[in-house]
Amino acid sequence: MTEELTVGGWTAFHSLTSEEQQVFSEALRGFVGVKYTPTEVSTQLVNGTNYRYKCAASMPPSDVTWNAIVEIYKPINGQPHVTGITRI
């Protein structure tokens, strides 16, 4: 899959690549409480990369689930981190 990246523009939501899955896992390492399972991602090339992950969210042991957008920023040099979580 080749996708043209435009600085400042968001890509369409798509299935996660292994690299995008790794960014998500690194950013949420040690995160407790709600469990987020990414299903799709959209990216934006800036000074680093912004990610918007569409996720299924749950709070074990409850069976209740909802959808959320988990926003992550990965600087060019440095660790990715969560910048926002929005229930949708």
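The values are calculated or read from the model by the stated rules, or taken from the named source; none is laboratory data. Since we're looking at a predicted model, the values are computed, not measured. Cβ atoms come from the backbone with ideal geometry, glycine included; neighbour counts cover every protein chain shown. With ligands, DNA and RNA removed, areas are computed over all heavy atoms of the protein, side chains included. Shrake-Rupley method; radii C 1.70, N 1.55, O 1.52, S 1.80 Å.
Within the stretch 17-29, identify whether any single residue is among the hydrophobic types (A, V, I, L, M, F, W, C) and in contact with a Leu (Cβ under 7 Å, 6 or more places away or on another chain), and answer yes or no.
Within the stretch 17-29, none of the residues are among the hydrophobic types (A, V, I, L, M, F, W, C) and in contact with a Leu (Cβ under 7 Å, 6 or more places away or on another chain).
Selection of the stretch 29-45 for residues being in a strand (DSSP E or B) and either open to solvent by less than 50 Å² (accessible area, probe 1.4 Å) or touching a helix residue (DSSP H, G or I) at 6+ places or on another chain (Cβ under 6 Å) (or both) yields Tyr36, Pro38, Val41, Ser42, Thr43, Gln44. Within the stretch 46-74, being crowded, with 18+ Cβ neighbours inside 10 Å and either out of contact with any Ser or Thr (no Cβ under 9 Å at 6 or more places or on another chain) or part of a helix (DSSP H, G or I) (or both) holds for no residue.
Restricting attention to the stretch 9-40, the residues that are β-branched (Val, Ile, Thr) and under 14 Å from Thr83 (Cβ atoms) total 1.
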